[in-house]
C-alpha cells in the first residue's frame, strides 16, 4: 500500500497484518459496519440503483455478487439490493449465453447461493439493535421493548426472544421486497438432468430469454415458500403470502410481465478506478495524439512522480528501475473521486496541486455515499496511473458481522 488513509477517515478503517511464512504485510480494511450503516441511512432516500453506485465505489470484496454478504445486504438493502442483484445476474447470464464464458462470479455460483438463502437465518442474525433503522416501525418497537426489559428479570431472555420474533414483519410486511425476492428466485434453474445449466441463472426478459415469465413466476413461488421461508412461523408466512397475492393480482389486472414491469434493466455504472481523470479537451484532442501518456523510469519508492519526470536522465543505471506511466494533468482538467480511498490517495500524494477549499470539502463535507466529486488542479502535475487502480483487500474472516458465530 503506497498511500496513507487521511486522519479524518481513519475511524472507518482498521489495520490488518498478513503473514506469509516470515514475511509480514500491513494493509488497511474498510469497516463493513460503515458500509452497512451508510446503506441503512441512505436507502430510504436513494433513487433507484443508487445502492449499486455506492457499492461499486467500495473495494471489490464488498461487491454485490459476493455470496458471503447476501444475508447482510438483504437485511439492510432489502428491495434495493434485490434489484441490484437481479440486474447483475441477468447481465452475467446474457454474457455467458452469448460468449459461453464465465463471468467474474458465474450465474451458476450465484444460483446455488440463492437457493441456500433462508429468511429465518437472515432474521436470527439481524443487527436490529446496532443499526440506525430510522424509518422502520418494527425495529423501533423492538428497541423500545428491549428498553422496558430489565436484565435482572429472570425471564429476560424469554421476553427478549418474544420481542425479537415480532421483527420478522420487517421482512414479510415489506410487499416490495418479498415480491422482488420471489421474482429473483424464479430466475434459477432447478430442473435436474442437465449438468451444464443446473443452478444457472436464466434470462427471463428480452427476445433471447431462456424461460417465459409465467414459468419463472411459478418456480419463484415454489422456492420462496418451500425453501426461502423454511423455518418461518405460519403467521409470517401467511403475511408474506397475502402481500404477494395482492401484488400479483394488481399486475394481472394490468396484464403486464412482472419482470419487465418490476425491474427496469438499469445496472448502474461500474467504478473501476479510485481516481478518475478527464482531460479538459476530451480524449480525441490533438494533445493525446502525440502525448497521451508519458513513460519514464522511476528509482525507488521515495522519488516523487514529478522528481522522476525531471530527473529521469540522471538516474543511476546500476539501480533497479521500474517502468511507470503517468498522465500529464493540466489546470482545467478534471480529477474525480468517489470513495474515501480515492480521496486519501489524491490528498496524500497530490494535495499541493489543488485548491485548499476543494481538499477541505473532500475531507470534511463530502458524504461518500456513491456520488462522484470532480475538482480541478491549480498547477500542472503528473498523475501516476497506478494510483488510479482500485484498492482491494480480502474479506476479514474475523469480522462477526460478515461471518456470525
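The values are calculated or read from the model by the stated rules, or taken from the named source; none is laboratory data. No experiment lies behind these values; they were computed from the predicted model shown. All Cβ positions, even for glycine, are placed from backbone atoms using ideal geometry, and neighbour counts span all protein chains on display.
Overview of results
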| item | result |
| --- | --- |
| Among (1) under 26 Å from residue 220 (Cβ atoms); (2) touching a strand residue (DSSP E or B) at 6+ places or on another chain (Cβ under 7 Å); (3) surrounded by 20 or more Cβ atoms within 10 Å (Cβ to Cβ), the one test that residue 115 misses | (3) |
| Looking only at segment 363-377, and only at residues there that are surrounded by 14 or more Cβ atoms within 10 Å (Cβ to Cβ) and in contact with a strand residue (DSSP E or B) (Cβ under 7 Å, 6 or more places away or on another chain), the one that is nearest to residue 50 (Cα to Cα) | 372 |
| Residue within segment 41-48 that is assigned by TED's automatic domain parsing to the domain that holds residue 200, over 21 Å from residue 402 (Cα atoms) and touching a helix residue (DSSP H, G or I) at 6+ places or on another chain (Cβ under 9 Å) present | yes |
| Filtered residue count, segment 235-260, keeping only those that are within 15 Å of residue 213 (Cα to Cα) and surrounded by 12 or more Cβ atoms within 10 Å (Cβ to Cβ) | 7 |
| Some residue of segment 72-85 being crowded, with 20+ Cβ neighbours inside 10 Å and touching a strand residue (DSSP E or B) at 6+ places or on another chain (Cβ under 9 Å) | no |
| Residues of segment 163-177 that turn out to be crowded, with 18+ Cβ neighbours inside 10 Å and not in a helix (DSSP H, G or I), as a count | 1 |
| Enumeration of residues in segment 334-352 that are in contact (Cβ under 8 Å) with a residue 12 or more places away in the chain and surrounded by fewer than 19 Cβ atoms within 10 Å (Cβ to Cβ) | 334, 336, 348, 352 |
| Among (1) assigned to a loop (DSSP other than H, G, I, E, B); (2) over 23 Å from residue 204 (Cβ atoms) - the single one residue 160 does not satisfy | (1) |
| Selection from segment 353-370 of residues that are in contact (Cβ under 8 Å) with a residue 40 or more places away in the chain and under 21 Å from the mean Cα position of the chain (by Cα) | 368, 369, 370 |
| Conditions (1) in a loop (DSSP other than H, G, I, E, B); (2) surrounded by 14 or more Cβ atoms within 10 Å (Cβ to Cβ); number of the one not met by residue 2 | (2) |
| Scan of segment 236-267 for residues that are free of Cβ contacts under 8 Å to residues at least 12 places away in the same chain and on the phi > 0 side of the Ramachandran plot, ordered by number | 255 |
| The one condition in (1) more than 18 Å from the chain's Cα centre (by Cα); (2) in contact (Cβ under 8 Å) with a residue 60 or more places away in the chain that residue 375 fails to fulfil | (2) |
| Condition check for residue 55: within 14 Å of residue 368 (Cα to Cα), assigned by TED's automatic domain parsing to the domain that holds residue 121 and surrounded by 16 or more Cβ atoms within 10 Å (Cβ to Cβ) | yes |
| Answer residue from segment 98-112, given it is surrounded by 15 or more Cβ atoms within 10 Å (Cβ to Cβ) and modelled with pLDDT under 80 and is nearest to the chain's Cα centre (by Cα) among those | 105 |
| Scan of segment 378-394 for residues that are surrounded by 16 or more Cβ atoms within 10 Å (Cβ to Cβ) and within 21 Å of residue 29 (Cβ to Cβ), ordered by number | 387, 388, 390, 391, 393 |
| Residue 383 being under 19 Å from residue 6 (Cβ atoms) and at pLDDT 90 or above | yes |
| Search result, residues across segment 187-210 that are within 21 Å of residue 226 (Cα to Cα), at pLDDT 80 or above and assigned to a loop (DSSP other than H, G, I, E, B) | 187, 189, 200, 202 |
| Residues that are under 30 Å from residue 264 (Cα atoms) and either at pLDDT below 90 or crowded, with 19+ Cβ neighbours inside 10 Å (or both), drawn from segment 7-37 | 35, 36 |
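Yes/no matrix, rows are residues, columns are (1) within 30 Å of residue 160 (Cα to Cα); (2) without any contact (Cβ under 8 Å) to a residue 60 or more places away in the chain; (3) not in a helix (DSSP H, G or I):
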site: 14; (1), (2), (3): no, yes, yes
site: 17; (1), (2), (3): no, yes, yes
site: 28; (1), (2), (3): no, no, yes
site: 37; (1), (2), (3): yes, no, no
site: 84; (1), (2), (3): no, no, no
site: 87; (1), (2), (3): no, no, no
site: 90; (1), (2), (3): no, no, no
site: 97; (1), (2), (3): no, no, no
site: 129; (1), (2), (3): yes, yes, yes
